[in-house]
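Comments concern the structure below.
Since every read-out is calculated from the coordinates, none of them should be taken as a lab result. The structure displayed is predicted, hence computed values, not measured ones.
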């Protein structure tokens with residue numbers, strides 16, 4: 001089994017090997033794997049950004065509650081967060 005890290009860092013090595021073997025079926029699968037991995041990493045990054053934003057807003061809400069201030073704007077911001085991304 002090939003490590004995904006090797007594929008991400010050096011896809012040309014694997015591609016070259018598949019071309020050398022003239023295995024077009026696996027070459028197509030490999031190209032699709034690269035595309036799927038890029039999409040996965042992009043989605044993972046977006047998810048992490050969303051979680052980070054949510055954590056920041058939640059902390060701000062907590063601070064506002066401690067100060068007995070209105071939290072309605074922050075709650076609204078928190079609810080709208082998924083719609084922004």
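Pick from 25, 15, 60: which residue has the top mean-square fluctuation in a GNM of the chain where Cα pairs under 10 Å get a spring?
So, out of 25, 15, 60, the one fluctuating most is 25.
So how many Å³ per residue does the convex hull of the Cα atoms of segment 4-84 work out to?
Per residue, the Cα convex hull of segment 4-84 comes to 86 Å³.
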